[in-house]
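Step one of this worksheet: look at the structure below.
The values are calculated or read from the model by the stated rules, or taken from the named source; none is laboratory data. Because the structure is a prediction, the values reported are computed rather than measured. Here Cβ is always computed from backbone atoms with ideal geometry, including for glycine, and neighbour counts include all displayed protein chains.
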Amino acid sequence: MRKPAHWIWAASLGVYAFLYIPLAVVVLFSFNDSTLNAQWVGFTTHWYTKLLHDEEMLRAAANSIVIALLASSMATVLGAMAGIAMQRYRIRYLSRALPFLVLTPVAMPEILLGVSLLLFFRQVLDLTLGYLSILIAHITFSLGFVAIVVRVRLAGMEESLFEAARDLGATPWQIFRRITLPLILPALAAGFLMSFTLSIDDFVITFFVAGVGVTTLPLQIYSMIKVAVTPEVNAVSTLLMALTLTLILLASRFAPDVLKARG
Amino acid sequence: MALLELRNVTRRFGNLEAVKDVTLAIEAGEFFTLLGPSGCGKTTILRMIAGFDAPDEGEVLLDGKSLAGVPPEKRPLHTVFQNYALFPHLSVSANVAFPLEVAGLSRAECRRRVAEALAQVHLADKGAAYPHELSGGQKQRVALARALVNRPRLLLLDEPVSALDAKLREQMQVELIALQREVGITFVFVTHLQEEALALSHRIAVLNAGRLEQLDEPDKLYAQPANRFVADFIGKINLIEVEVTAASKVLLTLKAPGLGEIAATDPRPIQAGERGAFALRPELIRVYGHKESADLKNRFEGRVKELLYLGDVTLYKVELANGFLIEALMTNAAPGRAKFHEVGDAVAVCWRHDAGVFLRG
């Protein structure tokens, strides 16, 4: 393979700088011993300690984690079912429509999804906004992702594997338990982790469906920066960033064929 | 009673009749082969026996009882798939244990039977390996062990050897024969390779375009093909267009246009005036120098047009008076001589009156 020309190196360096310098600044200033994000004074972990004693922040974090765990678990189960169904059954018309219907929420502008879910919860279901509405919304936008990952994984499997299992005397449940499930496990892990990051980071949709009672971490950060971008916000953003990054790296390890690091 | 029977089985896919009115019976302990070119319906028949497909008409019977409505997992027969279909996440032992475990056998019993099955296919030391660590031949053996471990009534093999290279294939064929004799389980083998079918089988069903052309033992199939398709598909053969001019009880006189009369035998009642083909295997023809006399009734002069020297044998293509190119195979068994004739030599081809077969139509 040819080596890329110098100007390509320079251009990509520029792009990466544009993407990552703002993030680096946030991380840097979360360790800055000053209340202002203006100049570097000295190293401190004071803001992190302060975070740990901020009740409101801790409650928001707990909400986010509980919702993310529940939403990604549910999305994984439902998404896996959708993925398996899409791969296994060939139903006229529906076979083409189903993947499209499942994937649409993934591609839909978030603000649209947020508004429509809000209208649906309030006008149609007459649901009090809170935990449940956030949970349903998060499951909705994560499910499609799990379904794709599972379907891609299954598409790479020979159909004869499942026929062989059946031929050797396995009931449909035994085939699922002993063959299908172990084979799609990496996809489930990847799907779960991706759903978790989508859920814990989500702001736009949650903003619409959260109501007044429940606050998640991104909503809390938003309400804090309405006053000012304090070093505490930097610190919590840094933690969120680290968590997300870890989960994405984990996910790409589980399903390298789906989330390819290299072409 | 036959172990497995197909009665007037027909299967259609849209407008295509993949299997047309096939009736056959497979006996217990037999090595039975379904042979035919790709698209002849042999795999469809296999899938109907396994239960992955169902006939549109007719029925499949096991021990005289119809298998209609019995799903694959409930049929006491297993398939060795063309691509082996080993479970990639399970070790060799776990793959072989799979049918025992789903049947609910005890752990100790599973272990004992798995060890036995792996020993049978000479893989006793590979139990801990995973399928991706095995060679093609080893995968094949694991698939065989897995399909045989809970002693099915019938083993279906879908072109299991065709993915292997030539040398390994021959070795696996020898092992398959030995294995079948050892376990005594009925094998139903599907292949498009006629040599493989001849070498392995007790009986062969030749299929073409969904129809059963002939069902017989390998040597009968080879010596007495029922029609042009079987004659042409199995081995090399010369097909000479002829008309019957005289027919007595067993003796036939055939007239080949531009060539003359051919004497042949046939126990079937054949009428003078029938048309068809005279089928003659190349190894039944002798090629003499044109001055040598041969005490054979069927003697036709010609010229060697081409020859293929193959070491142990030479294939001569001799052009006869009517332009027909007849193939004759002679062993090079004379010491000190590589071959008997050269290209361009005037020769005479001869064969015994009972050497060929008259094929109607």
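Here is the figure for region B:303-361: residues that are hydrophobic (A, V, I, L, M, F, W, C), touching a residue at least 40 places away in the same chain (Cβ under 8 Å) and not in a strand (DSSP E or B) total 4. For region A:188-216, the candidate set comprises residues that are among the aromatic types (Phe, Trp, Tyr) and under 19 Å from A:Arg59 (Cβ atoms); within that set, the residue that is surrounded by the most Cβ atoms within 10 Å (Cβ to Cβ) is A:Phe207.
The set of residues from region A:55-99 being hydroxyl-bearing (Ser, Thr, Tyr) and under 30 Å from A:Pro172 (Cβ atoms) comprises A:Ser72, A:Ser73, A:Thr76, A:Tyr89, A:Tyr93, A:Ser95.
Selection of region B:155-175 for residues being among the hydrophobic types (A, V, I, L, M, F, W, C) and buried (at least 22 other Cβ atoms within 10 Å of the Cβ) yields B:Leu155, B:Leu156, B:Leu157, B:Val161.
Filtered by the rule that a residue be more than 17 Å from A:Ile179 (Cα to Cα) and more than 7 Å from every other protein chain (Cβ to nearest Cβ), region B:78-100 gives B:Val80, B:Gln82. Of all the criteria given as (1) farther than 26 Å from B:Asp53 by Cβ; (2) away from chain B (no Cβ under 14 Å), the one not satisfied by A:Ala155 is (1).
Please list, ordered by residue number, the strands (runs of 3 or more DSSP E) wholly in region B:179-294 having 3 or more residues that are in contact with a strand residue (DSSP E or B) (Cβ under 8 Å, 6 or more places away or on another chain), under 30 Å from B:Ile45 (Cα atoms) and among the β-branched types (Val, Ile, Thr).
Working: elements: B:186-191, B:203-208, B:211-216, B:238-247, B:251-256, B:260-265, B:275-280, B:286-289.
The qualifying strands (runs of 3 or more DSSP E) are B:186-191.
Pairing each residue of region A:77-98 that is surrounded by 15 or more Cβ atoms within 10 Å (Cβ to Cβ) with any residue that is β-branched (Val, Ile, Thr), provided the two are 6+ apart or on different chains, yields C-beta distances under 6 Å for A:Gly79/A:Val146; A:Ala80/A:Val150; A:Ala82/A:Val102; A:Gly83/A:Val150.
For B:Glu57, the test of being more than 26 Å from B:Phe98 (Cβ to Cβ) and surrounded by fewer than 18 Cβ atoms within 10 Å (Cβ to Cβ) is passed.
So is B:Gln138 in contact with a Lys or Arg (Cβ under 7 Å, 6 or more places away or on another chain) and either aromatic (Phe, Trp, Tyr) or away from chain A (no Cβ under 14 Å) (or both) or not? Spelling it out, B:Gln138 is indeed in contact with a Lys or Arg (Cβ under 7 Å, 6 or more places away or on another chain) and either aromatic (Phe, Trp, Tyr) or away from chain A (no Cβ under 14 Å) (or both). Based on what the data block shows, is A:Leu185 away from every other protein chain (no Cβ under 14 Å), within 30 Å of A:Thr246 (Cβ to Cβ), surrounded by fewer than 24 Cβ atoms within 10 Å (Cβ to Cβ) and out of contact with any Leu (no Cβ under 9 Å at 6 or more places or on another chain)? Against the criterion (away from every other protein chain (no Cβ under 14 Å), within 30 Å of A:Thr246 (Cβ to Cβ), surrounded by fewer than 24 Cβ atoms within 10 Å (Cβ to Cβ) and out of contact with any Leu (no Cβ under 9 Å at 6 or more places or on another chain)), A:Leu185 does not qualify. Inside region B:101-118, residues that are more than 9 Å from chain A (Cβ to nearest Cβ), surrounded by 19 or more Cβ atoms within 10 Å (Cβ to Cβ) and within 19 Å of A:Arg177 (Cβ to Cβ) make up a count of 1.
Residues in region B:236-252 that are of a type outside the set (D, E, K, R) and either touching a Leu at 6+ places or on another chain (Cβ under 6 Å) or modelled with pLDDT of 90 or more (or both) were compared, and the one that is farthest from B:Leu315 (Cα to Cα) is B:Thr245. Residue count for region A:166-175 under the criterion of being within 7 Å of another protein chain (Cβ to nearest Cβ) and part of a helix (DSSP H, G or I): the result is 3.
Within region B:329-336, is there a residue that is within 32 Å of the chain's Cα centre (by Cα), within 15 Å of B:Leu239 (Cβ to Cβ) and modelled with pLDDT of 90 or more?
Within region B:329-336, not a single residue is within 32 Å of the chain's Cα centre (by Cα), within 15 Å of B:Leu239 (Cβ to Cβ) and modelled with pLDDT of 90 or more.
Only residues that are without any contact (Cβ under 8 Å) to a residue 24 or more places away in the chain, of a type in the set (S, T, N, Q) and assigned to a strand (DSSP E or B) were counted in region B:13-58, giving 0. Counting only residues that are buried (at least 24 other Cβ atoms within 10 Å of the Cβ) and among the β-branched types (Val, Ile, Thr), region A:140-157 holds 3 of them.
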